[in-house]
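To keep things clear, I will list the structure first and then write my remarks on it.
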Amino acid sequence: MGADDGIEAFVARAEFMRESLGKSQKMTETMITILGSFDNRLSTLETAMRPTQVKTHAFRKAHENIDSTLKAAESVLHQFEISHQVEKKVLEGPKSDLGGFLAACDQLHTNVEYLTLNRSMKASDTALSHARDLFGKGMNRLEEEFKVLLTNNSKPADPGPLMETLPSPEKHISETTTPQNGEGEEVKLLLTNTPHNDKALNPPVLPILLSPRIISQLAEMAQRLVGAGFHQQCLKIYRDVRASTLEQSLRNLGVEKLSKDDIAKMPWESLEGKIKNWIQYMRIAIKLLFSAERQLCEQIWSGLDPHREKAFADVTDSSVHMLLSFGEAIARSKKTPEKLFVLLDMYEIMRDLQPEIELVFAGDAAAGMREAATSLIKRLGQTAKDTFADFEDAVDKDATKTLVLDGTVHMLTSYVINYVKFLLDYQNTLNELFSDGTVDKKPHLTTATKHIMSVLQTNLEGKAKLYKDVALSHLFLMNNIHYMVKSVRRSEAKEMLGDDWVQRQRRIVQQHGISYQRTAWNKVLQYITGSGGGVSSGDSGISKSQLKERLKGFSLTFEDLYLRQTQWTIPDNELREAVRLQVQEIILPAYRSFLKRYSGLIEGKQSVNKYLKYSPDDLERMLNDLFEGKSRQDPRARQDGRMPGR
């Protein structure tokens, strides 16, 4: 019973729960039905209100558009009004009031930019067109004023202050005169060496090309013109005016436009002067004129790159070409020995100026001018090297057949020695050129100088063989080698060639002196020493006839030598006196001894005495006449009428 009751109770509960769930489902369905009807009603209401919402939004949007259009129109009218306000100032131009004109143009430029960005109304196009047209007129007037202001204030630099600011370096000028040659002509060699290194000097004060006030005004104008897109017109005006002024400054200095043909036809003396002037012109151009133009461009075209660089390059291009073309023409002209020194001067000035050239002509726009300067430096250096090599070859191959009749120093010798002496002033430069960047324990110039001296001596030996008189050939070589030795000893060449070279050449001079004495005076000595005529020097039993023959032969031979050797020349005073003394020491003792030995036959013997023309004193005075290069004279005029030995 108890179990059945529990089951029934459980079943009853389950039935209750099923009934409850059924009721809940019905309630849910009822609520869904009610909510669905609300949704339908809301959709219907929204559909009904949508046209109203659209109209309301359209009215609000239209109101906003009206406000925006009114504001835009107001802005356009304001910009248009401003354009009219500045129009009078712009059309008046910048001449009377540059500041006001520039301010008006600035305002107008702002208007153009604003109207360009805000072209929503047709009216704005009209305002923009008016503003652009007015701004263009303003820029045209500004361009004209830029040209007038620059032209009226651009004056060529006065050459006087330029020369005072950068005076020409002191020049070592030497005019060396050789002894007279056989035709009585003097041979001169004019050489110069100019120190060009100005690094020790304070930087020079640049010339004032334009006043600060004008520079400031031009800079303001350039800023506006470039900003407005008028940079090409502005650059052209600046180039035309400043380039012309710069060229006139150079012409006032003395710079000339010379063609290659002009230079080729010009006499060397004239060309040499122009080269020396060119060296000074280059220094003034780079250090003063071009540097000042660079500074002016920096001030007027400040912040306007790349126009600033182009303006400077355009202004200086023709002037740089005018200067460098002269150097190029010289470097390419016919090579002659006398050009070496001016070539080296030109090379040194360009080499020393190169750092400043690199600085002044910095930037891509001026790259061509830097390259042209570097090219000229290389060409001048190579031409100098070639000219030096040609000089060595010319000394070796000089085939001059013209004899120096008096045996003096040959013009080739004096020329070569002077050439070598002046080469020493350029030894650092020459060693630099020939080293090609390598370190040589034995500088090229030392080797070359020794070679030049050697070939010169060989050449002189060849010329000496042209003399028919062997004694004169020895005198010729003695003169020339002595000149070489003495010149070297008195110059820096001694350090280069060394004491060994000097001593070796001095011995050669002595050898030629001895050879001269032997070949020239042995014939005379034959008659008074008994070495000729078949008579022994110890022959005390000489006959009168033999004595007469000796005296006659001595006098005739001595007279012949006297006539010839008074026309010969020893230009060096010390050498001339030394050779005379040596001749006297040979002749006079032997002559006195001869007269003393045969005094018994001579004194009181009229037949013998008439053959005794000269006393020892006569001979001494006559020997002192030798080597003066005098004209022929009768040796008898030297006699004083006294008896010999008395």
- Task: Rounded to whole Å and sorted largest first, list the principal axis extents of the Cα atoms in region 159-397.
- Result: 80, 31, 31
- Treat the count of other C-beta atoms within 10 Å as a stand-in for reagent exposure and order Arg224, Arg576, Arg332 from fewest to most. Arg332, Arg576, Arg224
- At 0.36 nm per residue, minus the direct Cα-Cα distance, what do Arg564 and Ala103 gain on full extension? Give it in nm, one decimal, please. 156.0 nm
- Along the Cα-to-C-beta direction of Asp240, a point sits 7 Å from the Cα; which residues of region 128-144 have their amide N less than 14 Å from that point? 143-144
- Task: Pull out the extension gain between Asn252 and His451, defined as 0.36 nm times the separation in residues minus the alpha carbon to alpha carbon distance; nm, one decimal.
- Result: 67.0 nm
- Task: Give me the distance in nm between label points sitting 7 Å out from Cα along the Cα-to-Cβ direction at Asn431 and Leu359, one decimal.
- Result: 2.8 nm
- Using 0.36 nm per residue of separation minus the Cα-Cα distance, give me the extension gain between Asp261 and Lys95 in nm, one decimal. 54.9 nm
- Query: Among Lys274/Lys310; Lys310/Lys335; Lys236/Lys335; Lys523/Lys610, which pairs are too far apart, with a Cα-Cα distance over 30 Å?
  - Reply: Lys274/Lys310; Lys310/Lys335; Lys236/Lys335
- Ranked list, fewest to most other Cβ atoms within 10 Å of each Cβ, for Lys95, Lys630: Lys95, Lys630
- Please list the equivalent ellipsoid semi-axes of region 261-408, computed as the square roots of five times the alpha-carbon gyration tensor eigenvalues, in descending order and whole angstrom. 40, 14, 12
- Which pairs, out of Lys147/Lys287; Lys552/Lys596; Lys155/Lys260, put more than 21 Å between their alpha-carbon atoms? Lys147/Lys287; Lys155/Lys260
- Just rank Trp568, Trp268, Trp521, fewest to most, by other beta-carbon atoms within 10 angstrom. Trp268, Trp521, Trp568
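FYI, it's all coordinate maths here, none of it is from the lab. Since we're looking at a predicted model, the values are computed, not measured. Cβ coordinates were reconstructed from backbone atoms using ideal geometry, including for glycine residues, and neighbour counts include every protein chain displayed.
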